[in-house]
Amino acid sequence: MSLPNGHHRRRSSSLERRDPYSSPSVYYDEDAVRRQLLGTRNRAVSSYIRQPRDAESLQAGPGRDNYPARRTSHDEHTQQHQELLVDVERTLKDVLEREDVDRNQQITIEDNGPKHISLGTFASAGYRTTEIRGNYMISNLLQELTLAQDLGKKVVKIHRSRLSENPVDRLSRRIRDEFWNNLTRTLDAATIEKAGRDPKDWTSDPRPRIYIPRGVPEQHDYYTQVAKDRPELRLDVRWLPEGPMTAQYVRSLNNAPGILALAMKKSTDKNRQETLKGEPFIVPGGRFNELYGWDSYMESIGLLENGKVDMARSMVVNFTFCIQHYGKILNANRSYYLTRSQPPFLTDMALKVYEKIKHEPGALDFLRMALCAAIKEYYSVWMSAPRLDPVSGLSRYRPDGAGVPPETEASHFVHILTPYAKKHGMSFEKFVEAYNEERVNEPDLDEYFLHDRAVRESGHDTSYRLEGCAANLATIDLNSLLFKYEVDISYCIQKHFKGRLNIPEDFQTDENRKSGFENSAPWDRRAKLRKARIDKYMWNEAKGMFFDYDTVNKKRTDYETATTFWAMWAGLATPKQAAALVLNALPKFDCFGGLVSGTEASRGEVGLDRPNRQWDYPFGWAPQQILAWGGFLKYGYIEDAQRLAYKWLYMVTKAFVDFNGVVVEKYNVTRELDPHKVEAEYGNQGSDFKGVPREGELTLDSFGWVNASYVYGLSFIPIHMKRALGTLTPYDTFARATQINLSAVNESADDTIQEEGSDESRPDSSDEADAAVISDNNASDNKE
């Protein structure tokens with residue numbers, strides 16, 4: 001066809017019609033646009049693209065670009081397969097000026113702009129125009145142009161369907177093709193400059209620093225060579241000592257914080273020389289560079305759903321390395337976390353990966369090493385002092401530590417530390433220094449930081465459930481996870497290793513060093529014993545829930561927390577207990593957007609003197625959803641799992657559509673309009689970005705475990721639920737539309753049923769049913 005300047009546009013071949021849903025780096029091919037429009041002519045595409053002139057641009061007045069006066073026509077036909085030709089920088093500027101009313105570099109339902117823009121069609125080389133309308137399409141346009149600009153593109157072709165894509169499909173696609181990739185990290189020469197520099201290094205001379213365990217001298221040689229080859233990095237390579245890491249030693253590293261080495265594998269560089277390369281892992285969000293504990297397990301569920309098995313496998317390998325050399329799965333691989341772990345999920349994570357790779361070479365060795373690591377962690381961390389309570393036999397989050405937690409600025413605790421500084425007649429800074437060096441003795445302050453460290457090890461930082469008592473609590477979440485360890489280890493030794501697992505020297509503990517192996521039977525007994533202890537100390541028959549147990553005050557707590565459902569995920573609950581949890585506990589936590597972390601009654605009143613805590617009501621987190629869904633599915637409560645998943649997915653999708661593609665760390669599950677707006681002590685990670693959620697120092701590529709919850713939730717809801725999610729149908733509306741109304745069944749069908757001998761044909765059947773219910777209720781009351 002002829003272009004406005006008389007040239008003829010070359011028809012595009014099928015090879016040049018790219019998948020409209022491919023990743024931005026593939027889709028935005030400026031050279032392909034040039035070939036399709038100009039053929040072999042050496043001319044910039046942008047030199048003859050003319051932005052359409054519309055009514056708004058004419059009325060905008062001075063200060064706006066005056067688009068060339070030219071006659072345009074509106075292209076209404078074949079919009080479904082329409083392609084747009086867009087000048088990236090100019091259109092970005094125009095969209096933001098017109099639509100971003102609050103000037104936060106996002107287009108949301110809170111912006112009251114015109115919500116439409118005219119763009120040129122690719123088929124007419126921008127001569128004909130079509131309109132992009134509505135908040136969702138306009139915000140998607142902003143996101144796509146921002147991504148194209150990040151890639152250095154000047155002119156792009158955008159398929160209309162990329163802007164109007166079903167939001168469930170769009171978010172799922174971005175998680176699969178973009179978010180996981182952007183959250184991927186390795187620890188090696190390519191990343192050590194950024195990863196080795198600790199953003200929480202409060203010293204006067206922050207620099208990249210890495211600590212190497214004695215067991216991997218090849219890594220020490222590798223990083224020493226990196227430091228020699230690149231002196232501008234000022235990379236500080238240090239050995240860790242052999243043996244246990246004491247609280248005093250870890251505190252001594254506070255003046256030289258650094259990253260801890262992770263697993264590496266042999267590779268070949270561009271000169272075909274053998275070298276080392278870090279095993280990859282997924283970080284929680286874009287600003288992180290560390291391997292985190294329980295975040296990684298949740299992320300692995302989503303990775304496996306998306307077919308990224310190698311990544312999940314590498315994360316297990318990294319965890320095995322951490323247990324082998326640091327004694328535990330760390331809160332994260334930073335020097336100040338050497339004494340602190342996180343909720344243990346390794347056995348389930350390794351089994352899930354093994355099921356995907358079991359027919360591959362080396363799969364059984366992979367499982368063997370993961371089990372050996374889990375056994376070492378079980379004995380040396382969770383079943384040893386100070387975490388084991390010797391009286392109840394239950395375990396606690398109770399890490400060693402000394403002084404003020406170094407990953408947090410001392411000013412974070414100013415309200416706690418100031419009275420002590422005044423007591424000793426010191427300035428705030430001098431008191432912190434003296435306390436950290438144990439030149440002052442304050443047992444109450446020691447107790448405060450003991451519980452503070454325990455809260456952080458639990459992963460639930462912070463919550464009134466744990467405040468001031470965390471280190472004393474045998475929590476239902478931790479002991480459910482350890483029950484799962486015991487069951488998994490027993491099962492694997494019996495099924496995969498013929499009842500006996502040999503333990504390599506690096507993974508041996510006092511419990512198995514003499515024999516050098518583990519049998520399955522003791523692990524089965526340990527699981528049964530833990531189950532009995534949990535029933536004794538944590539199960540409340542009257543309330544039909546599991547609660548934490550205070551090992552110091554020797555009593556069960558009464559704080560209602562969604563971790564009560566972890567017992568179902570672990571397979572710990574009996575069928576009767578599971579039924580009680582669904583009947584009694586679930587209604588307490590079931591909210592508009594899914595499960596809330598704790599009940600409002602347990603949290604208590606909040607105000608200026610008692611602010612919200614992020615792991616309390618009214619906030620919901622992806623891990624709580626994932627584990628509860630898994631528990632309900634395991635016990636056959638499929639409809640409950642699907643209902644809860646639908647609510648969570650709807651809330652995430654609705655915020656994604658209405659607020660410029662936002663996906664955040666946590667949500668207010670009681671808030672229908674803007675659930676991503678969280679008012680708690682740490683705010684909300686992932687909501688502060690410009691143009692599009694993507695990687696950057698101040699932004700996040702969504703949040704890892706929310707990504708996982710999204711793809712996992714979609715994996716078990718039926719297709720009609722997915723379709724309803726795509727149309728942003730609230731759950732209550734969906735439920736009303738899909739419920740079966742028996743009163744609408746015609747009388748002839750009823751007659752047929754009765755003639756076939758249904759119990760409904762008996763006039764006394766409903767009376768008998770009512771009598772049975774009354775009898776059951778009376779029996780239950782008498783029992784109580």
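What follows draws every value from the coordinates through simple rules; no lab data is involved. Since the model is a prediction, treat every value here as computed from it, not as a measurement. Glycine also receives a Cβ, built like all others from the backbone with ideal geometry; neighbour counts cover every protein chain displayed.
The Cβ shell under 14 Å around N612 holds other residues with a net charge of -1, Lys and Arg each +1, Asp and Glu each -1. Placing a label point 7 Å from the Cα of A247 along the Cα-to-Cβ direction, the residues of the stretch 358-392 with a backbone N closer than 11 Å are 386. Here the stretch 283-308 is scanned for amide nitrogen atoms under 14 Å from the site 7 Å beyond the Cα of Y682 along Cα-to-Cβ, giving 284-290, 292-296. Near the amide H of H159, within less than 5 Å, lie the amide hydrogens of L84, all on another chain or at least 5 residues away, with H placed in the peptide plane. Cross-link partners of K422 among lysines, defined as those whose alpha carbon lies under 19 angstrom from its own and excluding same-chain residues fewer than eight positions apart: K430. Candidates N472, I489, G425 compared by Cα position along the dipole of the stretch 397-501: farthest toward the positive end lies I489, with charges placed on Cβ. Under a model in which nothing but the beta-carbon of Lys, Arg (+1) and Asp, Glu (-1) is charged, the stretch 204-320 shows a dipole of about 240 debye around its Cα centre. If R0 is 45 Å, the Cβ-Cβ spacing of V552 and K514 corresponds to a FRET efficiency of close to 0.85. Scalar couplings 3J(HN,Hα) for the stretch 151-167, obtained by applying the Karplus form with A = 6.51, B = -1.76, C = 1.60 to θ = phi - 60°, are 7, x, 7, 9, 10, 9, 9, 10, 6, 4, 5, 5, 8, 9, 3, 3, x Hz; x denotes Gly and Pro.
Subtracting the Cα-Cα distance of N502 and E193 from their residue separation scaled by 0.36 nm leaves 107.3 nm.
Backbone phi angles across the stretch 210-225, fed through the Karplus curve with coefficients 6.51, -1.76 and 1.60 (θ = phi - 60°), yield HN-Hα couplings of 9, 9, 10, x, 4, x, 10, x, 5, 6, 4, 5, 4, 6, 4, 5 Hz in residue order; Gly and Pro are listed as x. Of all lysines in the structure, the ones whose alpha carbon falls short of 28 Å from that of K536, not counting any fewer than 8 places away in one chain, are K376, K484, K528, K554, K555, K576, K588, K634, K783. Note on A735 and A385: the model spin-label points, each 7 Å out from Cα along the C-beta direction, lie 5.2 nm apart.
Partner lysines whose Cα lies under 17 Å from the Cα of K358, excluding those fewer than 8 positions away in the same chain, are identified as K308, K495, K498. Working from label points 7 Å from Cα in the Cα-to-Cβ sense, the E110 to K200 distance is 2.9 nm. Of interest is the spacing of the C-alpha centroids, which for the stretch 138-204 and the stretch 326-376 amounts to 29 Å. Taking 0.36 nm per residue of separation and subtracting the Cα-Cα distance, full extension of the segment from L364 to H424 would add 15.6 nm. Spatial offset of the stretch 281-302 relative to the stretch 574-588 amounts to 31 Å, using the alpha carbon center of each. When peptides 607-614, 446-453 are sorted by average Cβ neighbour count within 10 Å, with the highest value leading, the order is 446-453, 607-614. Sorting the segments 263-269, 540-546, 642-648 by their residues' average number of neighbouring beta-carbon atoms within 10 angstrom, most packed first, yields 642-648, 540-546, 263-269.
Multiplying the residue separation of K266 and V440 by 0.36 nm and removing their Cα-Cα distance gives an extension gain of 57.7 nm. Under a 5 Å amide H cut-off, with hydrogens placed 1.01 Å from N, F517 pairs with I503 among residues at least 5 apart or on other chains. With K and R counted +1 and D and E -1, the other residues having a Cβ less than 15 Å from that of T599 yield a net charge of -2. Between K495 and T184, the modelled label-to-label distance comes to 3.0 nm, taking each label 7 Å out from Cα in the direction of the beta carbon. Annotation: amide H-H contacts under 5 Å for R128 (H modelled 1.01 Å from N, sequence separation of 5 or more, or interchain): T121.
Can you give the local net charge around G302? Use residues other than it whose beta-carbon is closer than 10 angstrom to its beta-carbon, Lys and Arg +1, Asp and Glu -1.
Summing Lys/Arg as +1 and Asp/Glu as -1 gives 0.
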